[in-house]
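Taking it in order: structure first as structure tokens, then the write-up.
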Amino acid sequence: MAELSQNIFDYATSELSQDAFISLLIAWFDSPDKNLRNISTDFISSLYREYVIRKFRWSASEKDFIYSQYKKHELDMKIEIKSVEIKQQHFKIDVYFEVKDISGKKIIPFIVEDKTWTEPHSDQLKEYVQKVCDDKNCDAHDIVKIFFKTGHITEKDKELTKNIETKNEKMEDANYVIIDTLWIYNFLERHNPDHAIYKDYKDYLKRNFYDKLYDKGIKKELKDWKYNDLKEGYVQYALIEKIKHLVLGDTKPVARYIKFTRNGKRWDTWWSRKGNGIADKYSILAKVTKLKEGHCIRLLDYSNSLAGKENRMKKHREIVKCILESNDYKNIKISTKLGDKVKESAVAIMNLKNISSLEDAAIEFSNFMKEYDAKC
């Protein structure tokens, strides 16, 4: 019989638990324990410094502007904190707090949007900044905006945190800085308090995020994972991301993000390659999912309508048959099942179980997709 975990975070796994831990680190600023106060001060100061450095870091392509801004704010990278106030669920923000500097005159608002394996949605990042700007009568650049993500960083995370569109002058600097698992783990490693919750969170972060995504501080890539790792969403994501990159080359359209769902412990991950342009009545997907025969990549026709589906499927499969007859795609087979009456129907399928590496699978499937695109 397996030994039961004594770590509270193995049972409190929601993002709310992570919210609570972040809030605890901040609240320790008022702790009677000097060691805990120092951890809190370091945490708040580190978030602030990271935000300033990343927002104004030197860039070769924008050398003069960025460097001048960096120098301008260089002296502001350290804050001497007089007091901290946490406002729980302020404007529905995951973690919101305000720091008053030692002079007592300057108040710095902090927005921390906290995610584990999920992504931003519904313009929430923009709305938080707008509400704080209105409430504090300040500009967006006066607010420290942190996207705190312990899961893998997706293309949607990157785009939606740095491309917040607004025509309001006060909102011109509404972008967020991403704080990832490596940053968080390195911070926790700097301190070693005799505190059960701190130790539990650090242990939980290491087992469930850091060890899965990093190897001795180096981010893992597709080549570092094997077939059995495909049960994890971040491995499926890396596989689809590689296929997308190989198919598109250096172009990086943001209109069609890689998407994923999680049902219990099961992940499905896909990328919509193309559609007919009419309200997306149908599209072609590359999707990683688990079937009876194991984890597979399927080329799918996805549609909410029966109109033209049978003829379209016939055409798709004729194209696939032609490609497979003239080329050596030994791991890809034509799919003859119609599938659901609507939604997704497989055109071709690749069983990943017997392929030597996920890297090889990505190369073979992307080459197949490029040929399919050319003939479609």
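The values are calculated or read from the model by the stated rules, or taken from the named source; none is laboratory data. If you're wondering where the values come from, they're calculated on a predicted model, not measured in any experiment. Using ideal geometry, Cβ is built from the backbone for each residue, glycine included, and neighbour counts are taken over all protein chains shown. Ligands, DNA and RNA are stripped out before the accessible areas are found, and what is left, the full protein with its side chains, is counted by its heavy atoms. Shrake-Rupley method; radii C 1.70, N 1.55, O 1.52, S 1.80 Å.
Overall, the accessible surface of the chain at a probe of 1.4 angstrom is composed of carbon and sulfur to the extent of 49 percent. Annotation: per residue accessible area for the chain equals 54 Å², rounded to a whole number [probe 1.4 Å, protein chains only].
Given the alternatives [x] 24.2, 76; [y] 20.4, 68; [z] 21.7, 71, Rg and Dmax of the Cα atoms in Å as computed for this entry is given by [x]. Once backbone amide H atoms are built at 1.01 Å from N, ARG273 has ILE284, LEU285, ALA286 as its partners under 5 Å, excluding neighbours fewer than 5 places away on the same chain. List the aspartates and glutamates whose Cα lies under 13 Å from the Cα of LYS158, skipping any in the same chain that are fewer than 8 positions away. Counting by Cα, and skipping residues close in sequence, LYS158 has these aspartates and glutamates nearby: GLU119, ASP180. In this structure the amide hydrogen of SER335, modeled in the peptide plane, comes within under 5 Å of the amide hydrogens of ALA348, ILE349, none closer than 5 places in sequence on its chain. Each residue of the range 103-109 is assigned a 3J(HN,Hα), and the resulting list reads 6, x, 9, 9, 10, 10, x Hz, derived from the Karplus form 6.51 cos²θ - 1.76 cosθ + 1.60 (θ = phi - 60°), x at Gly and Pro. Amide H contacts under 5 Å for LYS220: TYR214, ASP215, restricted to partners 5 or more places along the chain or on a different chain, H placed in the peptide plane at 1.01 Å from N.
Structural descriptor for the chain: relative contact order 10 percent, calculated from alpha carbon pairs under 8 angstrom and at least 6 residues apart. Put a plus charge on the Cβ of each Lys and Arg, a minus charge on the Cβ of each Asp and Glu, and nothing anywhere else: the dipole of the chain about its Cα centre is then about 1320 debye. Against the chain, whose longest principal axis is taken from its Cα atoms, helix 196-205 shows a tilt of about 30°.
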